[in-house]
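Down below is the structure, laid out as structure tokens.
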Amino acid sequence: MKSTDIVVELRNVTKKYFYPQGELEVLKGIDLNVKKGDKIAIVGPSGVGKTTLLNIIGTLDCPTSGDIYLFGKRLDYKDEKTLLKLRKEKIGFIFQLHYLIPEFTVIENVILPGIISRWKREDCFKRAYGLLEKLNLSGKENYRPFRLSGGERQKVAIARALFLNPDLLLADEPTGNLDQESAKEVIDIFLKINEELNVTVIMVTHNWELAKKMDRIFLLKNGFLVKLNNT
Ligand SMILES: Nc1ncnc2c1ncn2[C@@H]1O[C@H](COP(=O)(O)OP(=O)(O)O)[C@@H](O)[C@H]1O
Ligand SMILES: [Mg+2]
């Protein structure tokens, strides 16, 4: 395998949080290799450090020790410019809460990354209409988020995360707030995206149905990742 096929590599990554009363070592030595097109699920009870790990992978947080390589390059936390570029151009984030802007319509929320990246207006709209169609949201482009169901809102957030065509999609409990029916639709969309766009997906989930559809499942336990059999 070429080294460029490895999208994410973590070597002995640790993370400690410091409090006045003492310290908490959430991650104690995480090793992980994720190659292009892989779908990975991370499961584990609340408070074990799943979000911390995902944020570290997404460069939103830095480890206490250890090395992280994204797209074959070791992250240098002093080089904020490169980190910003990585986040903007290569990584899409989906959170449990969708963080849509309530005053903006669906289409305005989706084109935001394009506006920030100074895309031409017409290119922004073309891209957004295409994505919304793929996500079965055609006809709702001019709705404001409050008129949508939970599942639809999450799909808008997915469209926004995909807008700049990321190589790596990080999702933190994407179905966490959804009823079973909407969760199922979001799951199907994830699989479709992964297949069509060959995006690498790392997701934290409590949804076993979703986890089972990934290539590998890891349990985060006592600060370490344990691979579970995906059968
Ligand atoms: N920014 C932070 N500062 C201090 N402690 C934190 C911070 N973020 C998370 N923690 C603590 O680290 C532990 C793991 O949190 P988190 O990564 O959110 O777990 P999970 O996503 O698995 O529920 C928790 O005990 C939490 O309180
Ligand atoms: Mg979490």
For the chain, with +1 on Lys and Arg beta carbons and -1 on Asp and Glu, the positive-most of Gly130, Gly47, His98 along the dipole: Gly130
Rg [Å, one decimal], Dmax [Å, integer] - the stretch 178-231, C-alpha atoms: 12.2, 36
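Below 8 Å, C-alpha to C-alpha, sequence gap of six or more: please give me the relative contact order for the stretch 10-167 in percent. Each step should come with its number before you reach the end.
Working: 178 pairs, mean separation 33.8, N = 158.
Averaging sequence separation for qualifying contacts and normalising by length gives 21 percent for the stretch 10-167.
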Potential lengthening between Glu89 and Leu112 on full extension [0.36 nm per residue; Cα-Cα distance subtracted]: 6.9 nm
DSSP beta bridges in the chain [antiparallel fraction, %, rounded to 5]: 60 percent
Of Tyr99, Tyr19, Tyr69, the one that fluctuates the most in a GNM where the chain has Cα springs shorter than 10 Å: Tyr19
Per-residue Cβ neighbour rank within 10 angstrom, fewest leading, Leu137, Leu97: Leu97, Leu137
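Please rank His206, His98, fewest neighbouring Cβ atoms within 10 Å first, as an exposure proxy.
Numbers: His206 15, His98 20.
Sorted ascending by nearby Cβ count, the order is His206, His98.
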Whichever lysines have a C-alpha closer than 18 Å to that of Lys81, once near sequence neighbours (fewer than 8 apart) are set aside: Lys73, Lys90
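May I ask for the net charge around Pro145, where only other residues with Cβ less than 14 Å from the Cβ of Pro145 are counted and Lys, Arg are +1 while Asp, Glu are -1? Please report the intermediate quantities before stating the final value.
Numbers: positive: Lys140, Arg144, Arg147, Arg153, Lys155, Arg160; negative: Glu103, Glu108, Glu141, Glu152.
Net charge around Pro145: +2.
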Sorted by Cβ density within 10 Å, fewest first, the residues Lys81, Lys227, Lys15, Lys126: Lys81, Lys227, Lys126, Lys15
Within the stretch 150-231, percent of DSSP bridges classed antiparallel, to nearest 5: 50 percent
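For the chain, with only Lys/Arg (+1) and Asp/Glu (-1) charged at the beta-carbon, what is the dipole magnitude about the Cα centre, in debye rounded to 20? Present the calculation step by step, with values, prior to reporting the outcome.
Numbers: 36 positive and 30 negative charges, 82 e Å.
About 400 debye.
Find the Rg to Rh ratio for the stretch 1-101, where Rh is the Kirkwood radius over alpha-carbon pairs and Rg uses the same atoms.
Working: Rg = 14.4 Å, Rh = 14.8 Å.
Radius of gyration relative to Kirkwood radius: 0.97.
The numbers here are math on the coordinates, done by the rules we state, and not lab data. Please read all numbers here as calculations on a predicted model, not as lab measurements. Glycine gets a Cβ as well: all are built from the backbone with ideal geometry, and neighbour counts include every protein chain shown.
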